[in-house]
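Everything on this sheet refers to the single structure shown next.
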Amino acid sequence: MFVQILAVIAPVLSIVALGYVWAWRSLPFDNATIGSIVLNVGTPCLIFSTLTGADIRVSEVGLIALAAAGVIAVSTAVGVAVLRAARLPLNTYLLTAMHGNSGNMGLPLAAMVFGVEGLALAIAYFLVISISQHTLGLVISAGRVELASLMRQPIVHASALTVLVLLTEAEVPAWIMRTTELLGGLVIPAMLILLGVSLAQLKVGDLRIAFGMSAMRFAAGAAGALTVIFAFGLGAAEAGVVWIMATMPVAVINVIFAERFARSPERIAGVIVVSTLSTLAALPLVVWVALWISGQT
């Protein structure tokens, strides 16, 4: 079991460390350009190539999407309760409980643990988180909905096209599949490198808040995952993927919202750093629970 877990977490930690060292040595790295390529090109191609190429039914995708929505609902309830008790502002800290880093960490980890099937299920989960971030996230941070911004996201277009192909069982030309597979292949390593670079660049503002919000993120995600897994009767890879995606650290996009709407960005940056480092340290436990829940131990 130790060797199995090490085989999963060692590549993840190594690539994150590569990004961290790269930024620490001040080597050239254009976050905006690389992030834009990953988000606008690589991720849509990964969604299309993985879901259309994997042996997965539309019903399975829908179940995981529903599970992700359930986790968000439970996590939000936990976050509201904790923040009300602590008398902290919801528009600043609630997003840290609601959304884990399902992209930079969740997708790579699910793929490492459960292979192509796990990646396909994780992508369905990731889509719900991404849509929630650009709707509920904006409502909470800014007090308004920006649906036009959401509809401009390439992942929305790729998702709609993917669902259409799955429903119609259309034959995708081989050259399109190969092209999207190649472009999608850059996403996982690039996301992990970007995560490492972000860790090197973000600074911790308030340790007390950072540790408190990090604990809230894990507790909210774990509560949401376990609630959904048992309520929906999930098993095998589905349960393991939901657990992994739900217990990921605070999403990096939260600091972007915090900066944009003046919601204590220095504190949110600190929460992201502490939450991510804590999750990286706890990866053996997270992976073990995922394997146990899925019946692979």
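No lab work stands behind these numbers, since they all come straight from the coordinates. Not measured: the values here are computed from a predicted model. Cβ sites come from the backbone with ideal geometry, for glycine too, and all protein chains shown count toward neighbours.
How far is helix 58-86 tilted, in degrees, relative to the longest principal axis of the Cα atoms in the chain, given as a value from 0 to 90 rounded to the nearest 10?
Around 0 degrees separate the two axes.
Take Ala236, project a point 7 Å from its Cα along the Cβ direction, then tell me which residues of region 56-92 have their backbone nitrogen under 11 Å from it.
56-57
Compute the Cα gyration tensor for the chain, then decide on rounded, prolate or oblate, letting a ≥ b ≥ c be the square roots of its eigenvalues: rounded whenever a/c is under 1.5, prolate when a/b is larger than b/c in the other cases, and oblate in all that remain.
rounded
Where does helix 2-24 land angle-wise versus the long Cα axis of the chain, in degrees 0 to 90, nearest 10?
So the helix axis and the longest Cα principal axis differ by about 60 degrees.
Can you tell me which of 98-111, 246-259 comes out highest on packing, and rank the rest after it, using the mean Cβ neighbours within 10 Å?
98-111, 246-259
Once label points are set 7 Å from the Cα along Cα→Cβ at both Lys203 and Val41, what is their separation, rounded to one decimal in nm?
The modelled label-to-label distance comes out at 3.4 nm.
Would you mind working out the magnitude of the charge dipole of the chain relative to its Cα centre, with +1 at each Lys and Arg C-beta and -1 at each Asp and Glu C-beta, to the nearest 20 Debye?
So the magnitude is around 960 debye.
Rounded to the nearest 500, what is the 222 nm mean residue ellipticity of the chain from helices alone, with -39500 (n - 2.57) per DSSP H run of 4+ residues and division by all residues? Could the numbers behind the result be given before it?
On the way: 15 runs with 234 residues, N = 297.
Computed mean residue ellipticity for the chain: -26000 deg cm²/dmol.
Per 0.36 nm of contour for each residue apart, how much would the distance between Ala142 and Ala7 grow if the chain were fully extended, relative to their Cα-Cα spacing?
Contour length minus the Cα-Cα distance gives 44.4 nm.
Compute the long axis of helix 43-53 from its Cα atoms, compare it with the longest principal axis of the Cα atoms of the chain, and write down the angle in degrees, 0 to 90, nearest 10.
That helix lies at roughly 40 degrees to the long axis.
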